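Okay, structure first, notes after.
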Amino acid sequence: MADAPGGDDPEQGAKGWKPATRAVRGGLMRSQFGEISEAIFLTSGYAYDSAEQAEARMAGKEEGFVYSRYGSPTAEMLQQRLCLIEGAEACRVTGSGMGAISSAILAPLKAGDRVVAATALFGSCRWILANQMPKFGIEAVFVDGADMAAWEREIGKGCQLVLIESPANPLLDGVDIAAVAKLCKKAGALLVVDNVFATPVLQRPLELGADVIAYSATKHMDGQGRVLAGAILTTEKYMSEVYDPWLRHVGPACSPFNAWVVLKGLETMQLRVEAQSRTAARLADAIAAHPAVAAVRYPHRKDHPHYEIHKKQMKSGGTLLAMSLKGGQAEAFRFLNGLKIADICNNLGDTKTLACHPSTTTHRALSDAEQAAMGLDRSWVRVSVGLEDGDDLEADFLGALSAV
């Protein structure tokens, strides 16, 4: 297959492109047929010219594909494109976002290690830390993500890995990534950032000092509700020494078809995220004054408790918001059931507007005490704003609020 375009040195040429060009043409590899749309290589295995070549490929002495659990040409194009978009040295794609984040935190750790994490995390991430880590002899400690004194205290006690999510699911809490990164560097801890809510369009954790970024590519990268996928990005050295052995043997691989769908989704991600963010900001303002609403959380609204953090490290407020209904779960359910355009769905980052009740869906595996620790109660609704017309969405939400 041909290398990506970009002059005599394709890699250097691509690194000089603007973000929109990288999202459309980064990592492009064309076959001898000269296809414009990237090819899907739906194969589990690959043939070798000789037994000697098979031995060399499997030993890593010769470049080439050996098995789609290890990688495929389609997945490789996606990985190269994500590296260019994110500014990372290495990327590996997985079969789901949780395949990426679980690998990102489990592969580097061993019995006796200690993890410090923000209290506000996606429910499954918190479940892994609280319920699975102790089985492996790994201690997990949670701190208020906005409390720098708590970060300094717990990281200073010694730890091997720090996990943060900013904005965090579901109430869009903020963590000062650069400040936590400095503490991690001092302690020799690995900083892993789940950047799924912000996307690389709005926030660049590696530039803020993160060591590893994890994504659910199911969300904004596909962005159209079609496939599951995940991604891990870090240095080439750390990828080859720590993550590659784990990924190859444990096997959370991304299928070539799913990789191709995400690859095509990246072409429009910036356009979608920017448009959805504008509508989300408008919708947050429109519903904030409604008498049925107790509170609204949107990263770039000044009444967000972590506004200054988000304003510093995000280009805009993003595509998600959260709202608390004064009547608790009963009114939250009535609001959700009253929506005519938006769908009730626990996914996010879609072109369609989606709303859910986190306490009974995305975070239902957590106890009431664990939910309360992150400020979550049964009054909250999380909204992922899509590409529908802003006038229609505003009318839909205000109509549903008026019916509660």
Integer Hz, Karplus 6.51/-1.76/1.60 couplings in order for the stretch 193-198, x for Gly and Pro:
10, 8, 10, 5, 5, 7
Among ARG364, ARG204, ARG81, residue whose mean-square fluctuation peaks in a GNM of the chain (springs only between Cα atoms under 10 Å)
ARG364
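Leaving ligands, DNA and RNA out of it, report the carbon-plus-sulfur percent of the accessible area of the stretch 208-357 at a 1.4 Å probe.
Working: 3210 of 5940 Å².
Within the stretch 208-357, the accessible surface is 54 percent carbon and sulfur.
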Compare ASN131, ASN195, ASN346 in a GNM of the chain, Cα atoms joined below 10 Å, and give the one with the largest fluctuation.
ASN131
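Can you quote the Å³ per residue value for the convex hull of the Cα atoms in the stretch 282-404, rounded to an integer?
Working: hull volume 12.7 nm³, N = 123.
Once divided by residue count, the hull of the stretch 282-404 is 103 Å³.
Are any of the pairs LYS135/LYS326; LYS15/LYS110; LYS185/LYS352; LYS185/LYS326; LYS18/LYS352; LYS110/LYS182 more than 32 Å apart by Cα-Cα distance, and if so, which? Intermediate values should be presented prior to the final figure.
Working: LYS135/LYS326 40 Å; LYS15/LYS110 36 Å; LYS185/LYS352 40 Å; LYS185/LYS326 43 Å; LYS18/LYS352 28 Å; LYS110/LYS182 23 Å.
Beyond 32 Å between Cα atoms: LYS135/LYS326; LYS15/LYS110; LYS185/LYS352; LYS185/LYS326.
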Tell me the label-point distance for the pair ARG364, MET29, using the 7 Å Cα-to-Cβ offset, in nm and rounded to one decimal.
4.1 nm
Amide H to amide H under 5 Å from LEU190: which residues, 5+ apart in sequence or cross-chain, H placed 1.01 Å off N in plane?
LEU161, VAL162
Consider a paramagnetic label point 7 Å from the Cα of ALA294 along Cα→Cβ; state which residues of the stretch 366-398 have an amide N under 13 Å from it.
372, 375-381
Using only the alpha-carbon atoms of the stretch 211-302, report the extent along each of the three principal axes, biggest first, to the nearest angstrom.
54, 27, 21
Quick one: pull the percent of accessible area on the stretch 47-144 belonging to carbon and sulfur, 1.4 Å probe, ligands and nucleic acids left out.
50 percent
Ignoring solvent entirely, what values of log10 I(q)/I(0) come out of the Debye formula for the chain at 0.11, 0.13 Å⁻¹ when each Cα is a single scatterer?
-0.81, -1.10
Pick from LYS15, LYS185, LYS135: which residue has the top mean-square fluctuation in a GNM of the chain where Cα pairs under 10 Å get a spring?
LYS135
Determine the shape class of the stretch 89-198: with a ≥ b ≥ c the square roots of the Cα gyration tensor eigenvalues, call it rounded for a/c under 1.5, and otherwise prolate if a/b is greater than b/c, oblate otherwise.
rounded
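Once whole DSSP H runs in the chain are found, which of them have Cα atoms spread over 24 Å or more along the helix axis and a mean Kyte-Doolittle score of at least -1.0?
Numbers: long enough: 256-288 (43 Å, 0.18).
Once both thresholds are applied, what remains is 256-288.
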Non-local residues with an amide H under 5 Å from the amide H of VAL141, with H modelled 1.01 Å from N and Pro and chain starts lacking one, are VAL115, VAL116, ALA117
Hz values of 3J(HN,Hα) by residue in the stretch 208-218 - Karplus curve (6.51, -1.76, 1.60), Gly and Pro given as x
8, x, 5, 9, 9, 10, 10, 9, 8, 6, 4
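Return one whole number: the accessible area per residue of the stretch 20-74 in Å², for a 1.4 Å probe. Each step should come with its number before you reach the end.
On the way: 3460 Å² over 55 residues.
Counting only protein heavy atoms, the per-residue value for the stretch 20-74 is 63 Å².
Please work out the average accessible area per residue across the stretch 156-196, using the 1.4 Å probe convention, and give it in Å².
Values: 1120 Å² over 41 residues.
Spelled out: the 1.4 Å probe surface of the stretch 156-196, per residue, equals 27 Å².
So if I place +1 on the C-beta of Lys and Arg and -1 on the C-beta of Asp and Glu, and nothing else carries charge, what would the dipole magnitude of the stretch 295-404 be about its Cα centre? I want it in debye, nearest 20. Intermediate values should be presented prior to the final figure.
Details: 13 positive and 14 negative charges, 75 e Å.
With only Lys, Arg, Asp and Glu charged at Cβ, the dipole is about 360 debye.
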Give me, ordered by chain and number, the residues 5 or more places off ASN169 or on other chains with an amide H under 5 Å from its own placed amide H.
PHE122
Where the centre of each part is set by its Cα atoms, how far does the stretch 54-133 sit from the stretch 251-329, in angstrom?
25 Å
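Return the calculated 222 nm mean residue ellipticity for the chain, to the nearest 500 deg cm²/dmol, obtained by summing -39500 (n - 2.57) across DSSP H runs with n ≥ 4 and dividing by the residue count.
Working: 15 runs with 151 residues, N = 404.
Result for the chain, helices only: -11000 deg cm²/dmol.
The values are calculated or read from the model by the stated rules, or taken from the named source; none is laboratory data. On a predicted model such as this, the values are computed, not experimentally measured, just so you know. Cβ coordinates were reconstructed from backbone atoms using ideal geometry, including for glycine residues, and neighbour counts include every protein chain displayed. Heavy atoms of the whole protein, side chains included, go into the accessibility calculation; ligands, DNA and RNA do not. Shrake-Rupley method; radii C 1.70, N 1.55, O 1.52, S 1.80 Å.
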